[in-house]
Amino acid sequence: MRFRILWISLLITTFAIILYSLVSTQIFYNLSVENSERALIVYMNAFDGEKYTADDEGAKAFSLSLGGARVTILDGEGNVLGESEVDSIERDHSQREEVKEAMESGEGFAVRSSDTLNKNMVYYCRAVDADGEILLVRIAQFSESEWAMYVQSLPSVAAYMVFDVLGCLVFTYIATYFIMRPVEGLTREAAAGGRVQTKYTELRSIAEILNERNRDIELKVSELEEERRLVERAQSSKDEFIANITHEMNTPLTSIKGYAELLASGLMDEEHKKQAYATIVSQADRLTNLISCIINYSEIDSDDLPSYEVNLTDAAREMIAVLSPEAEKKGVKFIDETQDGVKIMSRHERITQLLGNLMRNAVRYNKEGGTVTVRLDCGRLEIEDTGIGIAPEYMDKVFSRFFTVDKSHSGKNGGFGLGLAVCKKICTRAGWRISVQSELGKGSKFTVDFGLR
Ligand code: ADP
């Protein structure tokens, strides 16, 4: 950028110097011609028609009196009568510009290269009265041509140009430093990532563009960071998921392997053998149960099947009927407070999973003689129990995968800590909000807000 400015500035000044020298040469040339003309008028005033004869002798004498200026004496028709320097080849000068003017108006000037002397000359011709006879007297003076003047001025112009180049280099270097300083300042500030400001109007649009770019970059960076966080979180939750599955599978497998080895050793009596077979079957059931729970949980993510209108009231009442026998065994009663005809866009199997998990938990974690109240209207589903409740420190975690408050309980009755995680996933995918309120020892209330009210 600096070099560019430097080059442009050098070109401009060089062009300016050449132009200036041409114009000034022309001005000086014009001045010199004017001075010559003035001098010739003064010389001409000294001509005396009686003193100088109208022949070569007279012309030479007058020329001598003028210090050597070329003198030509012509008759009234423009024919040469006398010449001070050389014999003119052409006697008829009537067509010469200055002679013609003098014949017409009494005097005339001309500047041209003399054919006879081969020099640039200034001519002045005047009509004079010599004893009643009209003579034309012409005086000529040598003058430098424009080109000669220009050539003469070239060495000083060249010297000046060298001086100019040096001056230009220094001046432009200093000037560009001051011009570039605010631009460089802007770039530095923008590179540092801060908001740039400038007092220069010309730079305001650049500052705005830089600020806009910085904002875009910040946005992109934060988006990428968010994406990275999500990927990391997904990765760690995937690792955790696999670790949990492995852990849950390990317990029944160890048990099955242990009993199988004992049976193979042939050391067991019939009584213990029966017990071993029963344990192997129940642990295998537990494994199958776990696998179907995991498949079910994973399926929800890839479930792109279309939704349709499901009668929520019917589904809730059916689930109460299904779970009632199991509840009765525990001395738990269902209280049905569902509104008739509540419908929702979903799929039947998902609604059954949601209701089943919530209601089964309400029975499972209830107390002898407790109740499960199912409330339903068009905007909300509530399942409230009078069971053991959830300690405040676990409230956030109950919807996490594989979370169980009582680890010793894990796996019994299919409780792998996936039920509420499945509920949460179904609700999130459908755009519903699931939450829990609970008091330890008094009971819990799970609410699904359909967001329709
Ligand atoms: P699980 O299959 O173990 O029941 P869930 O995901 O359904 O898994 O529940 C996770 C944990 O939340 C349970 O282990 C239990 O400790 C607690 N929980 C769930 N529902 C209730 C409830 N109604 N009352 C008390 N605790 C509950």
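Quick notes on this structure:
- 19 Å Cα-Cα reach of LYS51 towards lysines, excluding residues that sit fewer than 8 places from it in its own chain: LYS60
- Local net charge near ASP92, Cβ-Cβ under 12 Å (Lys/Arg +1, Asp/Glu -1): 0
- Orientation-averaged projected area, Cα convex hull of the chain (nm²): 51.0
- Around the amide H of THR53, modelled in the peptide plane, lie the amide H atoms of GLY58, all under 5 Å away and 5 or more residues distant in sequence or on another chain.
- Other residues whose C-beta falls under 12 angstrom from the C-beta of PHE446 contribute a net charge of +2, scoring Lys and Arg +1 and Asp and Glu -1.
- Near ALA130, the amide H atoms lying under 5 Å from its own belong to LEU135; only residues 5 or more places off or on other chains count, and H is placed 1.01 Å from N.
- Other residues lying with their Cβ under 15 Å from the Cβ of ASP129 contribute a combined charge of -4, Lys and Arg counting +1, Asp and Glu -1.
- Residue order for SER282, SER444, SER236, fewest other beta carbons within 10 angstrom first, comes to SER236, SER282, SER444.
- Using alpha-carbon coordinates, inclination of helix 312-329 to the longest axis of the chain, degrees: 40
- Under the Karplus curve 6.51 cos²θ - 1.76 cosθ + 1.60, θ = phi - 60°, whole-Hz ³J(HN,Hα) for region 63-79, x wherever Gly or Pro sits: 4, 4, 5, 9, x, x, 5, 6, 10, 10, 10, 10, 7, x, 8, x, 8
- For ARG380, the residues whose amide H sits under 5 Å from its own are PHE450, ignoring neighbours fewer than 5 places away on the same chain, with H placed 1.01 Å from N.
- Fewest-first sequence of CYS125, CYS293 by Cβ atoms within 10 Å of each Cβ: CYS293, CYS125
- Based on C-alpha pairs under 8 angstrom that are at least 6 apart in sequence, region 26-133 has a relative contact order of 21 percent.
- Lysine pairs in region 354-453 whose alpha-carbon atoms fall under 18 angstrom of each other, counting only those eight or more residues apart or on distinct chains, come to 8.
- Length-normalised contact order of the chain in % [C-alpha pairs under 8 Å, at least 6 apart]: 9
- Mean ellipticity per residue at 222 nm, deg cm²/dmol - from DSSP H runs of n ≥ 4 across the chain, formula -39500 (n - 2.57): -20000 deg cm²/dmol
- Region 132-279: relative contact order as a whole-number percent, Cα under 8 Å and 6+ apart: 10
Just so you know, all these numbers are worked out from the coordinates, no wet-lab data involved. Please read these numbers as outputs of a predicted model, since none were measured by experiment. Virtual Cβ from ideal backbone geometry, glycine too; neighbours counted across all protein chains shown.
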